[in-house]
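> Have a look at this one.
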Amino acid sequence: MKDRIPLIAGNWKMFKTSNEALDAAAQLAKLVSDIDTVDIMIAPPFTSLTVVSEVIRDTRIALGAQDMYWEKEGAFTGEISAPMLISAGCQYVIIGHSERRQYFGETDETVNKKIMAATASGLIPILCVGETETQRDEKKTFSVLDKQIEKGLEKLTLDEHQSLIIAYEPVWAIGSGKTATPDQVQEVHAFLRDLIEKRFGNMLAKATRILYGGSVKPDNVTELMALPDVDGALVGGASLKADSFSKIIHF
Ligand code: PGA
């Protein structure tokens, strides 16, 4: 039996105007009103955070952002800070998503700065790690993950780590319809938990939630959630429609 509360998180990426986000969040709130044993989070685009936060108030659905900058304020055109996210109603922030790494120059160093700033401000960071297809083919999966965790969490203290969530998202499984097999997922999740244990000790390793992400759908979520080291899912495409996301939440 896992004693970690599962978290099902929806990453809406660059989809939905404010009105569309409002509608989807309102529908979702109705569909999951019976849920009381699963934590739920949605991460709409920045422009919809405030309206969505209103509509999910007093529900189990929490709000997350898809990224943030590490400074609190300043002349950083186009960036958003942790205090801004908190005032918009966010509790969580996704950091180091592979699309940020791939298209927007995110590195393990910037990920680390963001993780430190998020924990310092009281946001719960969801650190995304994952290998590309080539790296997996070249048998580099574990060394890649080791480096992403090691550098991403550099200088993080035990205390700061308390709230951290990790999401394993193999890059080749994101948006591709290819899910990693249960064996592949469990193998990596156990490896990640071991890394956390080596760094932060057994208690924290046991308490840390490790989500899987990459083509999670209503028809594969049950099998994934049954794996001993899978504590939730980070869902992209299938989180955009309230009914399919609700099915995933009801795994
Ligand atoms: P996907 O995206 O579910 O569409 O594969 C997952 C993610 O990028 O977080």
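The values are calculated or read from the model by the stated rules, or taken from the named source; none is laboratory data. As the structure is a prediction and not an experimental result, all values here were calculated from the model. Cβ atoms come from the backbone with ideal geometry, glycine included; neighbour counts cover every protein chain shown. Protein only, heavy atoms only, side chains kept; ligands, DNA and RNA dropped before computing areas. Shrake-Rupley method; radii C 1.70, N 1.55, O 1.52, S 1.80 Å.
> Looking only at the range 172-204, count every residue that is among the basic types (K, R) and open to solvent by less than 10 Å² (accessible area, probe 1.4 Å) and tell me the total.
In the first step, residues of the range 172-204 are kept if they are among the basic types (K, R); the result is 178, 193, 198-199.
Subset that is open to solvent by less than 10 Å² (accessible area, probe 1.4 Å): none.
Total meeting the criteria: 0.
> Shifting gears a bit: Scanning the range 182-237 for residues that are in contact with a Leu (Cβ under 6 Å, 6 or more places away or on another chain) and more than 24 Å from K139 (Cα to Cα), which turns out nearest to the ligand (Cβ to nearest atom)?
Within the range 182-237, the match that is nearest to the ligand (Cβ to nearest atom) is L234.
> Report yes if V216 is touching a residue at least 40 places away in the same chain (Cβ under 8 Å), open to solvent by less than 30 Å² (accessible area, probe 1.4 Å) and within 30 Å of F15 (Cβ to Cβ), otherwise no.
No, not satisfied.
> For the range 155-171, indicate whether the set of residues that are surrounded by fewer than 16 Cβ atoms within 10 Å (Cβ to Cβ), more than 16 Å from the ligand (Cβ to nearest atom), of a type in the set (A, V, I, L, M) and within 18 Å of the chain's Cα centre (by Cα) is non-empty.
So far as the range 155-171 goes, no, none of its residues is surrounded by fewer than 16 Cβ atoms within 10 Å (Cβ to Cβ), more than 16 Å from the ligand (Cβ to nearest atom), of a type in the set (A, V, I, L, M) and within 18 Å of the chain's Cα centre (by Cα).
> Within the range 90-109, does at least one residue satisfy the condition of being more than 16 Å from the ligand (Cβ to nearest atom), in contact with a Pro (Cβ under 7 Å, 6 or more places away or on another chain), under 20 Å from I210 (Cβ atoms) and open to solvent by less than 60 Å² (accessible area, probe 1.4 Å)? Break it down into steps so the answer makes sense when it comes.
Narrowing the range 90-109 to residues more than 16 Å from the ligand (Cβ to nearest atom): 90-91, 105, 107-109.
Next, from what is left, pick out any that are in contact with a Pro (Cβ under 7 Å, 6 or more places away or on another chain): none.
So far as the range 90-109 goes, no, none of its residues is more than 16 Å from the ligand (Cβ to nearest atom), in contact with a Pro (Cβ under 7 Å, 6 or more places away or on another chain), under 20 Å from I210 (Cβ atoms) and open to solvent by less than 60 Å² (accessible area, probe 1.4 Å).
> Separate question: Scan the range 221-244 and report the pairs whose first residue is touching a residue at least 12 places away in the same chain (Cβ under 8 Å) and among the charged types (D, E, K, R) and whose second residue is within 11 Å of the ligand (Cβ to nearest atom) and in a strand (DSSP E or B), with Cβ atoms within less than 9 Å and a gap of 6+ or a chain change.
If the second residue must be within 11 Å of the ligand (Cβ to nearest atom) and in a strand (DSSP E or B), the pairs left are D231/L211; D231/Y212.
> Would it be correct to say that G152 is more than 13 Å from the ligand (Cβ to nearest atom) and either open to solvent by less than 10 Å² (accessible area, probe 1.4 Å) or closer than 19 Å to D67 by Cβ (or both)?
yes
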